[in-house]
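Read through the structure below, which is laid out as structure tokens, and then see the notes.
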Amino acid sequence: MHFSMMGTFLSARQRLDPLPVDIAGSGPSLGGGRRVSAGATVLVLLLSVCTGAGQKPDLTGVRIVTHPVAGHISMLEATGDVAGNIAVSVGPDGVLIVDDQWAELTDAISDALRALDRGPLRFIINTHHHDDHSDGNADLGQSGALIIAHEKARERLLAKDSAHWPVITFDSSLSVYFNGEEVRALSVPGGHTDNDIVVFFTESNVVHMGDLFNSGPSSFPIADLDSGGNAVKILRNIELLLPQIPEDARVIPGHGPLSDKQELYRLRDMLDETITWVRERKNSGASLDEILVEGLPTKFDGWGYGYMSAEGWITMIWNSLG
Ligand SMILES: [Zn+2]
């Protein structure tokens, strides 16, 4: 996604009713909503957080908040929604994390991990290559932790210095037996990026969805078309995953508050309906501009309040349909 495109993709709320970034940590955490500042900062923040590309968001004063999830699994969340959520497993085998946010947040993340457990960090799993999920690889990996990711995530991270590079890669699935359970990483590429994985903590009944799913204030998802993403494939992959997720599982989203399977059903329905809506119009000969002018049915108005506006989502579907 290019910087110039992001302005088009700003949600209605971000264009009309900008809110300050909660970087001081004095306001509500992410559970209170995505709060972004106006103007260029919004563009930078969105581009950086959504795709991990370009300039970093202002990370000054960002705090890491720890949320208990289930058993020995916790979720670390950056205030201001400037980075992806981290899943943490602590126990007799040590510490395993899924995603590691920005390098500037490594000290705060390390403090949060130590508060949970003083054991060694043994494994880091990246859900995909975007910086807001993997930039911490370099510093956190210096502890000796082994970095695991999809093989195409490693290919993309080769553009960075070698400290960021995953040392264990896989194509379809990989299991780590850790802290008394199978931690299963499953490849579901082609939706958000070409290297998306989700991670199941099989006994704890927790799944980390990466950026296939953003919870909380309703948001259309993002298909990073420049990194092999595709809006239609997001729907296919959510449909593929739903039967594999227990009904009572705790769901850690790529961004947003801790969630559940009901929100995934809601996401699936929205994806199915909006993609069908755009496809029917495109097949009947309507241009993208005509579809944008018509706009999505009003029942989807509530989805344009996160990273992605309705106009941006329509455009992504259009481009994904080929
Ligand atoms: Zn991402």
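For Lys56, list the lysines whose Cα falls under 20 Å from its own Cα; do not include residues on the same chain fewer than 8 positions away. Answer for Lys56, where 20 Å is the Cα cut-off: Lys160, listed by chain and number.
Of the peptides 263-272, 310-319, how do they stack up when ordered by the mean number of other Cβ atoms within 10 Å, highest first? Could the numbers behind the result be given before it?
Numbers: 263-272: 17.4, 310-319: 22.0.
So the order, starting with the most tightly packed, is 310-319, 263-272.
Each peptide in 80-90, 95-105, 250-260 receives the mean, over its residues, of other Cβ atoms within 10 Å, and ordering these scores from highest gives 80-90, 95-105, 250-260. For Lys282, a cut-off of 26 angstrom between C-alpha atoms picks up these lysines, skipping any fewer than 8 places away in its own chain: Lys233, Lys299. The distance linking region 102-166 with region 249-322 is 31 Å (Cα centroid to Cα centroid, whole angstrom). Ala70: net charge of surrounding residues, Cβ under 12 Å, Lys/Arg +1, Asp/Glu -1, itself excluded? So the environment of Ala70 carries a net charge of -3.
Only the Cβ atoms of Lys and Arg (+1) and of Asp and Glu (-1) were treated as charged; on that basis the dipole of region 56-178 about its Cα centre amounts to roughly 260 debye. Judged by the gyration tensor of its Cα atoms, with axes a ≥ b ≥ c, region 66-216 is rounded; a/c sits under the 1.5 cut.
With the charge dipole of region 52-178 set up from +1 on Lys and Arg Cβ and -1 on Asp and Glu Cβ about the Cα centre, the Cα lying farthest toward the positive end among the listed residues Ile86, Ile168, His128 is that of Ile168.
Read-outs: derived from the displayed coordinates by stated rules, not from any lab. Because the structure is a prediction, the values reported are computed rather than measured. All Cβ positions, even for glycine, are placed from backbone atoms using ideal geometry, and neighbour counts span all protein chains on display.
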